[in-house]
Every structure is written in C-alpha cells, then in structure tokens.
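Chemist: One structure follows; several queries about it will come next.
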C-alpha cells in the first residue's frame, strides 16, 4: 500500500492511496469464492459449480464494488495510524482507478478533529447552587400528591373557579355558521388549562350551575383549528354541573395510600431525601455546564460541519429513546407538535453545536494533561453496559466492534477530563 498524496484543507484530510493489482485480484478471488458458496446453478450442487461458470453468472461491477469496499475497510485503520489522522466520522470515498492489470487507486476525504487553542481552563470561577431542600418545596410536592389522589365531587352551591371540572352545553359560531370542531355537550372540561383559549376560561369563571353566558373571542392567526384561526367566534354556554376536588386529609392513611409508608412523617422524609438527591444531580450538571461554557469562551476552534451533524443525529436518537419510554414514536410526536424531522434537527443544531464544542474541548484537555484510560476503567464500563443489556460481560465484550470500544474509551476520557476541570476549578 502506498500513499500517493496527503493534503489538508481546513478540517478535511485528503489521502490518495494506491494498492497493487495483485492485492486487488487476491481480494476479488475471495469475494468470488464467497459468492460461489451460496450460488445455485442448474446442473451443479449448491456451491459446487466450477469457477469459470460462477464468474459468468456474476455481475463483475458488483464483485468489483464489494472488493473495493473490503480493501478500503481493511486499509482505513492502517492509513489513519500511519498518517496520524484523527477522524470525526466515516470518510467520503472516491475510486480513482479500477482497471484490469492496473494499480487500484482511491481517494479518502476525512473530516478530522480541528486544531484547538485552549485558553484558561484551570482555576475557572463557578458558583455552585445550593442542594438544600426547604419545607415549602416539600409541602408543594405533598400538595401535588394530595391533589392527584383526591376525587372530584359535585358542587351543590358555588360558582366555577380554576381547577374545577365542568359539564356544559356549548354553541360556537363564526359569522352565523356553527363551528363543528367542538361538541355541543362538553364533559370533564378542566377550567384554567386554556384548552380552547385563555379568554374562554376567564369568561366562564365565576358562573353558577345552570347559568348561561354569551361572549365573543378573537382567535389568533396561528390558532390550531384552521376554521376559526384569525376569526371572531361567538360563544353561548350553559353550565350544567360543577365538580371540585375534595382534598383527602394529610395523615398516616394518606401516606399509606401514596406509597409503602408507615406514617406521614416517613413520607415527608422520603420526599425530602429524593428531592435532595435530585438537586444534587441538577447542581452537579449545572456546575459542569458552567465550567464547559467558561472554557468555551476562552477557546479558539473551528468546528467541522460533520461534527455538528453527528451530534445533531445523536440528539435526535436521544429524543427517540426518550419518547419510546412513553410508548411514543418520533413520527407521532412530530405530528402532535406540527413539525418535520428537518425542523427538529434545525431546532437542535444550536445545542448540538455547544455539545460538540464541549466534547472537542474535553478531548484537547485530556491530550494536554496526558490523561489516559486504564484497561480496568474500560472493563468497569463494559461490565456496567453488559448488566444493562442482560448479557454476560464476556458475551457483551465479544459483541462490541472496534469502533464501539473506541467510542466507549473516548467517553471515559472526556469524563476524566471533565473531572480534572472540576478538581481544578474555583468553586464558590
């Protein structure tokens, strides 16, 4: 293998490589033999036809294409090492010469990690948020639990107010024509949630049971229902029934109802501990974010587009995973928010750029500080991943490609770099 040309254009490394015809021919023989094993040719047992007949039944362009892929895949990691190239993503491949009895020549365009000029990254001043949980915060969680387990009861005397559950008759017209999108009879309407319009909820608040009211609302141009968007709608409503949550008492029985607690005080203590843990996680995440942002401001670097594209794709995959936990698909989610996948990617591009920048900075810090990933750290990470996949460590390890192992190693190295920045930060 011979590197004919090596040049760098910005964050793109270009390699032009030559392999001998003997190398190409040898690999092509292997490809043909692999195809022959599965070929069924009339007059011969499967995989037993003579080579000459097999070759006549094969598309030579397909064979050459497979041969090229195999040779380039094998050559790629060697070329990266020989030419000291640190790739961001898979390369763009162009076949320059593929001709019988001639050297096989191909070109690789590889987006590489950019040059990073770090500014100050030690002694960064950051403010750590408090992890203290107040009585008011605990009381708010308990109040939400109380509301959740309490049931609606009919209100005999009294007028409508926020959080009530209403049953009502509704008539809506635009220029005298009835709006078909809403039913005449509405049940379990949650007052204060602005399901129809904020002004609608305000207009029916304070009404008594069996009371009627007429009013007009001008809907915005971007309202979700096209038939009334930008138009005046005349409403006539009649309250048929008012329901309101009858809050259960906050006692030991309440604690047993919402969880496996022996007393109300146990419930309060458990809520406080969970909130403290959540605050600690949020505080740690905020601290890391502050440090990365501070170092980013002092760093000079030009991110390749492919790096931002890759991070955007990762964030889309994370969104899909998050949605799947709620039994939702990305397609259904996009329909509900009236956006396309391209629009979501556009929305994610700015945070993806920040994340990509953070990763590049941490990679550089690890390089400058000569941080390394010991084999036992990698083994620990593999064991954790194996546990989550219900596989043995050895089974999981065998399933990992070299690329997956490299990705895991890079992740651990970035984590070490971030720990280094935190340990050398000026935290108040």
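Chemist: Among the candidates 327, 260, which residue alone is without any contact (Cβ under 8 Å) to a residue 12 or more places away in the chain, at positive phi and assigned to a loop (DSSP other than H, G, I, E, B)?
Modeler: Working: 260 fails: at positive phi.
Going through 327, 260 in turn, the sole match is 327.
Chemist: Looking for something in contact (Cβ under 8 Å) with a residue 60 or more places away in the chain, over 30 Å from residue 274 (Cβ atoms) and touching a strand residue (DSSP E or B) at 6+ places or on another chain (Cβ under 6 Å) - is there at least one such residue anywhere in region 119-127?
Modeler: yes
Chemist: From 412, 427, 422, which residue is more than 26 Å from the chain's Cα centre (by Cα) and within 30 Å of residue 127 (Cα to Cα)?
Modeler: Details: 412 fails: more than 26 Å from the chain's Cα centre (by Cα); 422 fails: more than 26 Å from the chain's Cα centre (by Cα).
That would be 427, the only listed residue that is more than 26 Å from the chain's Cα centre (by Cα) and within 30 Å of residue 127 (Cα to Cα).
Chemist: Being without any contact (Cβ under 8 Å) to a residue 40 or more places away in the chain and surrounded by 13 or more Cβ atoms within 10 Å (Cβ to Cβ) is the requirement here; does residue 75 meet it? Can you show your working first?
Modeler: Numbers: without any contact (Cβ under 8 Å) to a residue 40 or more places away in the chain: no; surrounded by 13 or more Cβ atoms within 10 Å (Cβ to Cβ): yes.
So residue 75 fails the test.
Chemist: Next up: In region 98-114, how many are part of a loop (DSSP other than H, G, I, E, B) and farther than 13 Å from residue 22 by Cα? Walk me through how you get there before you give the answer.
Modeler: Applying the first criterion (part of a loop (DSSP other than H, G, I, E, B)) to region 98-114 yields 98-103, 113-114.
Now narrow it down to the ones that are farther than 13 Å from residue 22 by Cα: 113-114.
Final tally of qualifying residues: 2.
Chemist: Sticking with this structure for a sec: Using the structure shown, decide if residue 100 is within 35 Å of the chain's Cα centre (by Cα), exposed (fewer than 13 other Cβ atoms within 10 Å of the Cβ) and modelled with pLDDT of 85 or more. Give the derivation first.
Modeler: Values: within 35 Å of the chain's Cα centre (by Cα): no; exposed (fewer than 13 other Cβ atoms within 10 Å of the Cβ): yes; modelled with pLDDT of 85 or more: yes.
Against the criterion (within 35 Å of the chain's Cα centre (by Cα), exposed (fewer than 13 other Cβ atoms within 10 Å of the Cβ) and modelled with pLDDT of 85 or more), residue 100 does not qualify.
Chemist: Considering only region 141-152, state which residues are surrounded by 12 or more Cβ atoms within 10 Å (Cβ to Cβ) and out of contact with any helix residue (DSSP H, G or I) (no Cβ under 9 Å at 6 or more places or on another chain). Walk me through it before giving the result.
Modeler: Taking region 141-152 and keeping what is surrounded by 12 or more Cβ atoms within 10 Å (Cβ to Cβ), we get 141-143, 145-147, 149-150, 152.
Hits for region 141-152 are 143, 147, 150, 152.
Chemist: Sort out which residues of region 201-223 are surrounded by 13 or more Cβ atoms within 10 Å (Cβ to Cβ) and either at positive phi or assigned to a loop (DSSP other than H, G, I, E, B) (or both), and write them in order of number.
Modeler: First pass over region 201-223, keeping only residues surrounded by 13 or more Cβ atoms within 10 Å (Cβ to Cβ): 201-205, 207, 209, 211, 213, 215, 217, 219, 223.
Selection gives 205, 207, 209, 211, 219, 223.
Chemist: Has region 374-393 got any residue that is under 27 Å from residue 112 (Cβ atoms) and out of contact with any helix residue (DSSP H, G or I) (no Cβ under 7 Å at 6 or more places or on another chain)?
Modeler: For region 374-393, residues under 27 Å from residue 112 (Cβ atoms) and out of contact with any helix residue (DSSP H, G or I) (no Cβ under 7 Å at 6 or more places or on another chain): present.
Chemist: Consider residue 208 carefully, then state whether it is in the same structural domain as residue 235 (by TED's automatic domain parsing) and free of Cβ contacts under 8 Å to residues at least 12 places away in the same chain.
Modeler: Details: in the same structural domain as residue 235 (by TED's automatic domain parsing): yes; free of Cβ contacts under 8 Å to residues at least 12 places away in the same chain: no.
Against the criterion (in the same structural domain as residue 235 (by TED's automatic domain parsing) and free of Cβ contacts under 8 Å to residues at least 12 places away in the same chain), residue 208 does not qualify.
Chemist: Still on this structure: Return only the number of the condition from (1) closer than 21 Å to residue 154 by Cβ; (2) at pLDDT 95 or above; (3) in contact with a strand residue (DSSP E or B) (Cβ under 8 Å, 6 or more places away or on another chain) that residue 201 does not satisfy.
Modeler: That leaves (3) as the condition not met.
Chemist: Out of curiosity, is residue 233 buried (at least 18 other Cβ atoms within 10 Å of the Cβ) and more than 30 Å from residue 131 (Cβ to Cβ)?
Modeler: Answer is yes for this residue.
Chemist: If you scan region 153-200, which residues turn out to be touching a helix residue (DSSP H, G or I) at 6+ places or on another chain (Cβ under 8 Å) and in a strand (DSSP E or B)?
Modeler: Answer for region 153-200, where residues must be touching a helix residue (DSSP H, G or I) at 6+ places or on another chain (Cβ under 8 Å) and in a strand (DSSP E or B): 166, 168.
Chemist: I would also like to ask the following. Would you point out which residue out of 196, 239, 186 is without any contact (Cβ under 8 Å) to a residue 60 or more places away in the chain, in contact with a strand residue (DSSP E or B) (Cβ under 6 Å, 6 or more places away or on another chain) and crowded, with 16+ Cβ neighbours inside 10 Å? Full working, then the answer.
Modeler: Details: 196 fails: in contact with a strand residue (DSSP E or B) (Cβ under 6 Å, 6 or more places away or on another chain); 239 fails: without any contact (Cβ under 8 Å) to a residue 60 or more places away in the chain.
Testing whether each residue is without any contact (Cβ under 8 Å) to a residue 60 or more places away in the chain, in contact with a strand residue (DSSP E or B) (Cβ under 6 Å, 6 or more places away or on another chain) and crowded, with 16+ Cβ neighbours inside 10 Å leaves just 186.
Chemist: Now for a separate question. Can you tell me which residue is surrounded by the most Cβ atoms within 10 Å (Cβ to Cβ) among those in region 276-296 that are without any contact (Cβ under 8 Å) to a residue 24 or more places away in the chain and under 20 Å from the mean Cα position of the chain (by Cα)?
Modeler: So, considering only residues that are without any contact (Cβ under 8 Å) to a residue 24 or more places away in the chain and under 20 Å from the mean Cα position of the chain (by Cα), the one surrounded by the most Cβ atoms within 10 Å (Cβ to Cβ) is 289.
Chemist: A further question on this structure: Please find, among 422, 427, the residue that is within 19 Å of residue 293 (Cα to Cα), in contact with a strand residue (DSSP E or B) (Cβ under 6 Å, 6 or more places away or on another chain) and modelled with pLDDT of 90 or more. Lay out the reasoning, then the answer.
Modeler: Values: 422 fails: in contact with a strand residue (DSSP E or B) (Cβ under 6 Å, 6 or more places away or on another chain).
Result: 427 is the single residue among 422, 427 that is within 19 Å of residue 293 (Cα to Cα), in contact with a strand residue (DSSP E or B) (Cβ under 6 Å, 6 or more places away or on another chain) and modelled with pLDDT of 90 or more.
Chemist: Among the residues of region 80-97, which ones are touching a helix residue (DSSP H, G or I) at 6+ places or on another chain (Cβ under 9 Å), over 21 Å from residue 301 (Cα atoms) and either assigned to a strand (DSSP E or B) or in contact (Cβ under 8 Å) with a residue 40 or more places away in the chain (or both)?
Modeler: Passing the criteria: 93, 95.
Okay, residues lined up against (1) without any contact (Cβ under 8 Å) to a residue 24 or more places away in the chain; (2) assigned to a loop (DSSP other than H, G, I, E, B); (3) in contact with a strand residue (DSSP E or B) (Cβ under 7 Å, 6 or more places away or on another chain):
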position	(1), (2), (3)
6	no, no, yes
14	no, no, yes
17	no, no, yes
32	no, no, no
35	no, no, no
39	yes, yes, no
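Chemist: State all residues of region 347-378 that are without any contact (Cβ under 8 Å) to a residue 12 or more places away in the chain and part of a helix (DSSP H, G or I); if no residue qualifies, say none.
Modeler: If we filter region 347-378 for residues that are without any contact (Cβ under 8 Å) to a residue 12 or more places away in the chain, which is where we start, we get 347, 350, 367, 370, 374-376.
Residues satisfying the conditions are 347, 350, 367, 375, 376.
The values are calculated or read from the model by the stated rules, or taken from the named source; none is laboratory data. Worth saying up front: this structure is predicted, and the values here are computed from it rather than measured. When we count neighbours, we look across all protein chains shown, and the Cβ atoms used for this are built from the backbone with ideal geometry, even at glycine.
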